[in-house]
Amino acid sequence: MALWGNTDLVYNAGDIAVNLTSKEITGTTGVVTFTSAVSEGDVVTVGTGATYGYAVVTGVTSTTLSIASTAGFVSGLTTVPSGTSYFVSQEPIYTLGDSVYRAPESKTVGYSTSPVFTGVFGVDFVEVGVAATTEYAVTHSGWVGITSYIDSHGNLRVKNEVLVAGGILTTSDAPDDTQYPDN
């Protein structure tokens, strides 16, 4: 199992349900088969904006994913309802334990009264070029951590850090086009 890969979207067909007690993710509607694409060590992001959380895949059958831990999910959950969106990526596993990038991606933290967005994105060289003239400009392609918020003057502030420099494959692109459009 690798610590990270170079694909920001491995799979996202259909919808899922999650049983956090049994640590199983089950395909509900539209899942063709997890075994055709998902591997142990991949990261599954559950809910739009990681509404429910993240987990590392430890086992794969045709319609079920086993996960290593429920620590990356929002505290107090026991299930995630059927019909929930998700996507699987090869983002760095160590970011799941980083309190900066902990789910959900939109939250109110510290002294901020406006929502703070945090997330990890696979950014390829095309997305780096397109984002160069925006607030989301990054210095290098790879796995990038983003924190954004509205300051007390109403200005968007974006902080980024390159977590893993390298080539990212976005032939199938994760849902990050708000921050990193392809063109």
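Using the alpha carbons alone, the radius of gyration of the stretch 48-98 stands to its Kirkwood radius in an Rg to Rh ratio of 0.92. As a length-normalised measure over Cα pairs under 8 Å and 6 or more apart, the relative contact order of the chain settles at 22 percent.
Projecting the Cα positions of F73, V44, G154 onto the charge dipole of the chain (unit charges on Cβ atoms of Lys, Arg, Asp and Glu, taken about the Cα centre) puts F73 furthest along the positive direction. Here the chain is treated as a Stokes sphere of Kirkwood radius computed over C-alpha pairs; at 4 °C and 1.567 mPa s its diffusion coefficient rounds to 78 µm²/s. For the stretch 98-165, the fraction of alpha-carbon pairs lying more than 13 Å apart is 64 percent, rounded to a whole number.
The phi torsions of the stretch 47-62, fed into the Karplus equation with coefficients 6.51, -1.76 and 1.60 and a -60° offset, translate into couplings of x, 4, x, 6, 3, 9, x, 10, 7, 9, 6, 10, x, 9, 10, 4 Hz, rounded to whole numbers, with Gly and Pro shown as x. Karplus-based coupling profile of the stretch 21-34, in residue order and whole Hz: 5, 8, 6, 10, 10, 10, x, 9, 10, x, 6, 6, 6, 5, with θ = phi - 60° in 6.51 cos²θ - 1.76 cosθ + 1.60 and x standing for Gly or Pro.
Among 124-137, 31-44, the peptide with the highest mean count of other Cβ atoms within 10 Å heads the list, and the full ranking is 31-44, 124-137.
How would the stretch 16-95 be classified by its alpha-carbon gyration tensor: rounded, prolate or oblate, with rounded meaning a/c under 1.5 and the a/b versus b/c comparison settling the rest? Verdict is rounded for the stretch 16-95. Summing charges over neighbours of V56, with a neighbour being any other residue whose Cβ is under 13 Å away from its Cβ, gives -2 when K and R count +1 and D and E count -1.
Across the stretch 119-124, computed HN-Hα scalar couplings (Karplus, 6.51 cos²θ - 1.76 cosθ + 1.60, θ = phi - 60°) run x, 10, 10, x, 10, 8 Hz from first to last residue, x flagging Gly and Pro.
All of the numbers you see were taken from the coordinates with simple rules; none came from a lab. Everything quoted here is computed from the prediction, not taken from an experiment. Ideal geometry is used to build each Cβ from the backbone, glycine not excepted, and the neighbour counts take in all protein chains shown.
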